[in-house]
Amino acid sequence: MFEQHIGKCSNKVKNIVESGAVKKFAEAIGDPHPIFIDEETGKKSRYQRNIAPPTFPRVFDFGVIAGLNLPKKGLIHGEQVFHYVRPLIVGEEIFCWLKVEDYVEKMGKSGKMGFLVLKGFGEDPTGEIIFTSKQTIIITEAVRKEMIV
Amino acid sequence: MNSLSDLQEGKSLQVIQLKPVSRLDLIKYAGASGDYNPIHTIDEEARKAGLPGIIAHGMWTMGNLAKLFTPYYHEGFVKDYSVRFIGKVFLNDVITLKATLKEKFDQQYRFDVAAVNQHDSEVVKGEVIFSKY
């Protein structure tokens, strides 16, 4: 039921790797390492700034894919991938967007399971891609039926 | 161990055992990540979704797992990080984080990584490629 969205992209959204957000995030994953939160440690590092943890893009706004209405409840996060050219640097601007990479349905124990793959992109202001992400969302038959009703 | 260069293929990083998962952990992650799906914080919503109780965000566990590599930030960075969420994490579960070096090639260190619960079941499983500077 999502096949017609394959290939669609969201609008690009400007995000800032904000120091307060990085600190809060690092603490929430139990990793308040000085490289993420201590300015001095950041200054002495090769990037001369603090960096963000690899799963930090969870915080970013990736825009909206027109027409793709996902159910609010019952989605299962199946897989997650991040690929980096370099770490995200605190203070920098990253432009993010999403693409519907794939959608397939497979027969499972509890009916037909839908697998939606969303690819995320983050580029710097010069247009260089700094990271990509890939999220596989599992949508069960029960959840899909609720959407149609 | 101070440097990843000293780590031999087949050897593991020092494991980290997390404190039992608390509701506050998940409330904090919800706030920090912006993921307010109530099955992670509100019992009634979790039960409505057919769960025995609230479960951790998969991304909370994935985020925790990455901290095995943070101490080596001056040597390189996590270039590739991929996981599958294979088990649910419930309140009071005790999660252990593991990483084993599988191979080194061209300054790329490939690790198998996993988060395992107190019943020795893997809840998150995947791979990290740590790229050395």
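For segment B:35-133, what does the relative contact order come out to in percent, with C-alpha contacts under 8 Å and a separation of six or more?
Values: 182 pairs, mean separation 26.4, N = 99.
Relative CO of segment B:35-133 lands at 27 percent.
Just going by the charge dipole of the protein assembly as shown, with Lys and Arg at +1 and Asp and Glu at -1 on Cβ, which of A:Ser10, A:Gly127, A:Gly20 is farthest out on the positive end?
Farthest towards the positive pole: A:Ser10.
List, in the order given, every pair from B:Lys11/B:Lys98; A:Lys43/B:Lys67; A:Lys119/B:Lys88; A:Lys134/B:Lys125; A:Lys23/A:Lys72; B:Lys79/B:Lys125 whose Cα-Cα distance in the structure shown is over 19 Å. Show your work: numbers first, answer last.
On the way: B:Lys11/B:Lys98 11 Å; A:Lys43/B:Lys67 21 Å; A:Lys119/B:Lys88 24 Å; A:Lys134/B:Lys125 16 Å; A:Lys23/A:Lys72 28 Å; B:Lys79/B:Lys125 17 Å.
Pairs exceeding 19 Å: A:Lys43/B:Lys67; A:Lys119/B:Lys88; A:Lys23/A:Lys72.
How far apart, in nm, are two points set 7 Å out from the Cα along the Cα-to-Cβ line at B:Asp120 and at B:Thr96?
The answer from the label model is 0.9 nm.
Under the rule a/c < 1.5 gives rounded, and otherwise a/b versus b/c splits prolate from oblate, where does segment A:31-100 land using the Cα gyration tensor?
On the way: a/c = 2.95, a/b = 2.22, b/c = 1.33.
Because a/c hits 1.5 or more and a/b exceeds b/c, segment A:31-100 counts as prolate.
How many nm is it between the label spots at A:Met1 and A:Glu40, if each spot is 7 Å from the Cα in line with the beta carbon?
5.7
Summed for both chains, how many Å² of accessible area, to the nearest 100, are buried between B and A with a 1.4 Å probe? Intermediate results must be reported in sequence, preceding the final value.
On the way: alone 7570 and 8840 Å², together 13820 Å².
Accessible area lost upon association: around 2600 Å².
Return, ordered by residue number, the residues of segment B:65-95 whose backbone nitrogen is under 20 Å from a label point located 7 Å along Cα→Cβ of B:Glu9.
So the set is B:79-80.
Specify the inter-centroid distance of segment A:6-65 and segment B:8-28, based on alpha-carbon positions, in whole Å.
So the two Cα centres are separated by 20 Å.
Given 0.36 nm per residue, what is the gain on full extension from A:Leu68 to A:Lys106 after removing their alpha carbon distance, in nm? Present the calculation step by step, with values, prior to reporting the outcome.
On the way: separation 38, 0.36 × 38 = 13.68 nm, distance 2.02 nm.
Contour length minus Cα-Cα distance gives 11.7 nm.
At 0.36 nm per residue, and after removing the present C-alpha to C-alpha distance, how many nm does the segment from B:Glu45 to B:Lys104 gain when stretched out fully? Provide the component values of the computation, followed by the final result.
Values: separation 59, 0.36 × 59 = 21.24 nm, distance 4.52 nm.
Roughly 16.7 nm would be gained on extension.
Classify segment A:30-149 as rounded, prolate or oblate, taking a ≥ b ≥ c as the square roots of the eigenvalues of its Cα gyration tensor: rounded when a/c is under 1.5, otherwise prolate if a/b is larger than b/c and oblate if not.
Values: a/c = 3.03, a/b = 2.30, b/c = 1.32.
Prolate, since a/c reaches 1.5 and a/b exceeds b/c.
For the Cα atoms of chain A, what angle does the longest principal axis make with the long axis of helix A:19-28, in degrees from 0 to 90, nearest 10?
Value to nearest ten degrees: 60.
Would you look at the GNM of chain A, springs on alpha carbons closer than 10 Å, and say which of A:Ser110, A:Ser45, A:Ser19 moves the most?
A:Ser110
On a full-extension model of 0.36 nm per residue, what is the gain between A:Asn11 and A:Gln48, subtracting their alpha-carbon distance, rounded to one decimal in nm?
Details: separation 37, 0.36 × 37 = 13.32 nm, distance 3.13 nm.
Separation in residues times 0.36 nm, less the Cα-Cα distance, equals 10.2 nm.
Please give the calculated 222 nm ellipticity per residue for the protein assembly as shown, where each DSSP H segment of at least 4 residues contributes -39500 (n - 2.57) and the sum is spread over every residue; nearest 500 deg cm²/dmol?
Working: 7 runs with 53 residues, N = 282.
Calculated at 222 nm, the ellipticity per residue is -5000 deg cm²/dmol.
The values are calculated or read from the model by the stated rules, or taken from the named source; none is laboratory data. Just so we're clear, the structure is a prediction, and the values are computed from it rather than from any experiment. We place every Cβ from the backbone using ideal geometry, glycine too, and count neighbours over all the protein chains shown. Note: areas computed on protein heavy atoms with side chains; ligands, DNA, RNA excluded. Shrake-Rupley method; radii C 1.70, N 1.55, O 1.52, S 1.80 Å.
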